[in-house]
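Structure, as structure tokens:
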Amino acid sequence: MTDATATIGASRATPAPTFESTDVRALTERLKAQAFGLGFDLAGVTTLGPAATAPAFEDWVANGYAGEMDYLARGAAKRRDTRLPYAGATTAIVVAMSYGGREPTGPVARYARGDDYHDVMVERLTALHRWFEGQLGRPVLGKPYVDTGPILERDLARRAGLGWFGKNTNLLNPSLGSFFFLGALLVEAELSVDAPFETDHCGSCTRCLDACPTNALVAPGVLDATRCISYLTIEAKGAIPEALRPLIGELLYGCDICQDVCPWNEKFATALPDDSPFAPREALGGKDARTLARALLAMSQDEFHAAFKDSPMKRAKLRGLKRNAAVVLANARNADDADALTRALDDAEPLVREHAVWALERTRNKASAAGIALARAQVP
């Protein structure tokens, strides 16, 4: 097995040298090589079974740290055991795909600038599944998962030798950092499994905790999502708490700060290849926060659908993006943005109007005082 096709950072338990085990090992290495050929950056294999982190996850939800993400509590029984989400599956091929930690910082988190990673990775995992069936010459029971079922992907990835849980809650790999997506192909097949990643390489470092603008990392490895900028600008459907709005700064969708400051990313994060599906789309490319915020506030629903087709940013919907845009312009404190915010006072969505009112008040634009008063009266 060459360094290029080895699972990074994980030692491998060596099975007894029988003909059968040698054959399984060879098939597993060919499978990993095919995964790399499909564009995945890491690949590991583990058996399915009880999820070690399920109790901690359930405590996290019970403590209210999931906020409005009620769906995370569903499927708890299946989440506790990875054999249950897809009946009959026995093994997981776990993969990681970089989304370009070397790309410049900006108002949109790196993961969301291109095509939707769910679609990209499911398509490639499906191709891996078909290749695997071709190698065996028979149908193989299996299903790809990319944030699409009651599965703790980090747990599977650690078991498959891909990395450890960082203090910022991301999975960290010693040769890739953390700017990557995780996915898994669950199959009913015998494969050679990787040793789990047992060691923690964060040491005494607390850069991620110290850098979080909203103090969302309440303890090493514990995230209060209700304070996280990514949650506030993506998952939260209602008004952003006023006390947190100034702390969002000029981040319009998501946040990479706790990853940007990580020493492992400073050293090992990678750039996007030229043909990456995660390269910024035209609607985003090169735009600073104010330019993008103004464009979003002026955007119609049809324009939004056209500009963000197949984008993960659709998750926040246009109303959410306009809400975020108003916050960004408020924090930019540029009087030239008063016109865009004043027009937003006529938006059909009360959520957008309320944030535009707050933004105009924050910029203290006296010329808009009458419009602010009228809009505030119309906000439920």
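The values are calculated or read from the model by the stated rules, or taken from the named source; none is laboratory data. Since the model is a prediction, treat every value here as computed from it, not as a measurement. Cβ atoms come from the backbone with ideal geometry, glycine included; neighbour counts cover every protein chain shown. Quick note on the areas: whole protein, heavy atoms, side chains included, nothing else; ligands and nucleic acids left out. Shrake-Rupley method; radii C 1.70, N 1.55, O 1.52, S 1.80 Å.
General observations
- Residue in region 360-373 that is open to solvent by 40 Å² or more (accessible area, probe 1.4 Å), in a loop (DSSP other than H, G, I, E, B) and modelled with pLDDT of 95 or more present: no
- Number of positions in region 198-224 that are among the aliphatic types (A, V, I, L, M), under 19 Å from the mean Cα position of the chain (by Cα) and more than 17 Å from Asp260 (Cβ to Cβ): 1
- Condition check for Glu153: of a type in the set (D, E, K, R), over 22 Å from Pro277 (Cβ atoms) and in contact with a strand residue (DSSP E or B) (Cβ under 9 Å, 6 or more places away or on another chain): no
- The number of residues in region 270-300 being in contact with a helix residue (DSSP H, G or I) (Cβ under 8 Å, 6 or more places away or on another chain) and surrounded by 14 or more Cβ atoms within 10 Å (Cβ to Cβ) comes to 14.
- Residues that are surrounded by fewer than 18 Cβ atoms within 10 Å (Cβ to Cβ) and of a type in the set (Val, Ile, Thr) were ranked within region 166-209; the one that is nearest to Leu223 (Cα to Cα) is Thr206.
- Residue within region 238-246 that is among the charged types (D, E, K, R), under 16 Å from the mean Cα position of the chain (by Cα) and buried (at least 18 other Cβ atoms within 10 Å of the Cβ) present: no
- The set of residues in region 157-168 that are within 16 Å of the chain's Cα centre (by Cα) and within 14 Å of Val95 (Cβ to Cβ) contains only Ala157.
- Residue in region 303-313 that is open to solvent by less than 40 Å² (accessible area, probe 1.4 Å) and either at pLDDT below 95 or assigned to a loop (DSSP other than H, G, I, E, B) (or both) present: yes
- The number of residues in region 26-54 that are open to solvent by 60 Å² or more (accessible area, probe 1.4 Å) and either of a type in the set (Asp, Glu) or touching a residue at least 12 places away in the same chain (Cβ under 8 Å) (or both) comes to 5.
- Among residues of region 251-289, those that are within 30 Å of Asp337 (Cα to Cα), more than 19 Å from the chain's Cα centre (by Cα) and not in a helix (DSSP H, G or I), counted: 6
- Among the residues of region 61-94, just one is among the aromatic types (Phe, Trp, Tyr) and assigned to a helix (DSSP H, G or I), namely Tyr71.
- Among the residues of region 169-227, the ones that are free of Cβ contacts under 8 Å to residues at least 60 places away in the same chain, outside any strand (DSSP E or B) and among the small types (Gly, Ala, Ser) come to 5 in all.
- The condition of being assigned to a helix (DSSP H, G or I), under 16 Å from Ala289 (Cβ atoms), touching an Asp or Glu at 6+ places or on another chain (Cβ under 6 Å) and at pLDDT 95 or above holds for only one of Leu321, Leu329, that being Leu329.
- Filter pass, Asp119 being modelled with pLDDT under 95, within 26 Å of Leu272 (Cβ to Cβ) and either under 16 Å from the mean Cα position of the chain (by Cα) or assigned to a loop (DSSP other than H, G, I, E, B) (or both): no
- Scanning region 82-130 for residues being in contact with a helix residue (DSSP H, G or I) (Cβ under 8 Å, 6 or more places away or on another chain), among the hydroxyl-bearing types (Ser, Thr, Tyr) and more than 25 Å from Pro50 (Cβ to Cβ) gives a total of 4.
- Any hit, region 14-33, residues being under 20 Å from the mean Cα position of the chain (by Cα) and more than 30 Å from Gly249 (Cα to Cα): no
Listed here are the residues, each with its yes/no results for (1) touching a residue at least 40 places away in the same chain (Cβ under 8 Å); (2) charged (D, E, K, R); (3) within 17 Å of Lys143 (Cα to Cα).
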residue	(1), (2), (3)
Asn63	no, no, no
Thr82	yes, no, yes
Pro85	yes, no, yes
Val95	yes, no, yes
Tyr99	yes, no, no
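- Taking the conditions (1) touching a residue at least 40 places away in the same chain (Cβ under 8 Å); (2) more than 27 Å from Cys208 (Cα to Cα); (3) acidic (Asp, Glu) in turn, Asp275 satisfies each one other than (1).
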